[in-house]
Amino acid sequence: MATIVLFHSVLGVRQGERDASARLSAEGHTVLVPDLYDGPVFDSYKRAMGFASVLGDEKLGGRALAAVADLPDGFIVGGFSQGSSVAYGVATQRRVGALLQFAGVNLLEWFGADAALPAGLDGQAHFMTDDSFREPQFEEQAIADVAKGGGRLEVFEYPGTGHLFTDPTLPDEYDAEATELMWSRVLPFVAAH
């Protein structure tokens, strides 16, 4: 069984993250969901982005690395939206076993000229096709970045417009069918890593 660290979206630790933790825990994995905000949770992306920008990427990244400091190498790291960037940043600093990106994809160059991913790192990215936050122009490069290190990044699309489509407390975004399909892909991937 794996140790999995999931980083929350810009909205904070919400039901979507708790549900993800419960699903993975039910499979026998040990799951950590660090609260990088230390409490605040948002319903508005605008307010949440303002809060996150005040904290800054450097502080969020530092809190993330502190949250995994006592874990041995090989844990699986993942995140939702902004949390996918936090997870990716951790993967450039630690020898992680796999990478999960939910509603987010990242490029290696965003993490500095000397940034590198662990050799052979495999990952998955999951999006809704018409998510307004999605940036499909980056996906090909993201796949190439992982392949350069000998790993494989699989990108999965689900029909719809939701961003955090696995969070049932966001009714305008939640999609139960897409959520189930996503987990049918994530759980075997995690079990294999």
**Asked** Name the residues in the range 18-34 that are part of a helix (DSSP H, G or I) and touching a Leu at 6+ places or on another chain (Cβ under 9 Å), would you?
**Response** Ala20, Ser21, Arg23, Leu24
**Asked** Is it the case that Phe51 is in contact with a His (Cβ under 8 Å, 6 or more places away or on another chain) and among the aromatic types (Phe, Trp, Tyr)?
**Response** no
**Message:** Out of the residues in the range 29-87 meeting the condition of being in contact with a strand residue (DSSP E or B) (Cβ under 8 Å, 6 or more places away or on another chain) and among the polar types (S, T, N, Q), tell me which one is farthest from Leu170 (Cα to Cα).
**Reply:** Thr30
**Fill in**
Glu58 passes all but one of the listed conditions (1) under 22 Å from Leu107 (Cα atoms); (2) of a type outside the set (Val, Ile, Thr); (3) modelled with pLDDT under 95; (4) in a loop (DSSP other than H, G, I, E, B); the exception is number (4)
**Fill in**
Reported set for the range 147-177 where residues are in contact with a strand residue (DSSP E or B) (Cβ under 8 Å, 6 or more places away or on another chain), open to solvent by 10 Å² or more (accessible area, probe 1.4 Å) and outside any loop (DSSP other than H, G, I, E, B) is Ala147, Leu153, Glu154, Val155, Phe156, Glu157
**Message:** Looking for something surrounded by 13 or more Cβ atoms within 10 Å (Cβ to Cβ), of a type outside the set (Gly, Ala, Ser), closer than 23 Å to Ala91 by Cα and touching a residue at least 40 places away in the same chain (Cβ under 8 Å) - is there at least one such residue anywhere in the range 32-41?
**Reply:** yes
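Quick one: would you say Ala116 is touching a residue at least 12 places away in the same chain (Cβ under 8 Å), open to solvent by 30 Å² or more (accessible area, probe 1.4 Å) and more than 16 Å from the chain's Cα centre (by Cα)? Reasoning before the result, please.
Working: touching a residue at least 12 places away in the same chain (Cβ under 8 Å): yes; open to solvent by 30 Å² or more (accessible area, probe 1.4 Å): yes; more than 16 Å from the chain's Cα centre (by Cα): yes.
In short, yes.
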**Message:** Tell me whether the range 130-143 contains one or more residues that are farther than 19 Å from Gly83 by Cα, open to solvent by less than 10 Å² (accessible area, probe 1.4 Å) and either of a type outside the set (D, E, K, R) or part of a helix (DSSP H, G or I) (or both).
**Reply:** no
**Message:** Of all residues being touching a residue at least 24 places away in the same chain (Cβ under 8 Å), open to solvent by 10 Å² or more (accessible area, probe 1.4 Å) and assigned to a loop (DSSP other than H, G, I, E, B) in the range 75-98, which is farthest from Val10 (Cα to Cα)? Just the residue, please.
**Reply:** Gly97
**Complete:** Picked from the range 35-55 (must be out of contact with any Phe, Trp or Tyr (no Cβ under 9 Å at 6 or more places or on another chain) and assigned to a loop (DSSP other than H, G, I, E, B)), the residue farthest from Leu6 (Cα to Cα) is Ser44
**Request:** Could you grab me the full set of residues in the range 50-60 that are hydrophobic (A, V, I, L, M, F, W, C) and open to solvent by less than 90 Å² (accessible area, probe 1.4 Å)?
**Result:** Phe51, Ala52, Leu55, Leu60
**Asked** Pairs, please: C-beta under 6 Å, at least 6 apart or cross-chain, first residue touching a residue at least 40 places away in the same chain (Cβ under 8 Å) and in the range 133-144, second surrounded by 12 or more Cβ atoms within 10 Å (Cβ to Cβ)?
**Response** Phe133/His163
**Item:** The one condition in (1) within 16 Å of Ile4 (Cα to Cα); (2) in a loop (DSSP other than H, G, I, E, B); (3) touching a His at 6+ places or on another chain (Cβ under 8 Å) that Gln101 fails to fulfil
**Value:** (2)
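The values are calculated or read from the model by the stated rules, or taken from the named source; none is laboratory data. Predicted model only: the values in this text are computed from it and were never measured. Quick reminder, even Gly has a Cβ in these numbers, built from the backbone with ideal geometry, and neighbours come from all protein chains shown. These area figures cover heavy atoms from the full protein model, side chains too; ligands, DNA and RNA do not enter into them. Shrake-Rupley method; radii C 1.70, N 1.55, O 1.52, S 1.80 Å.
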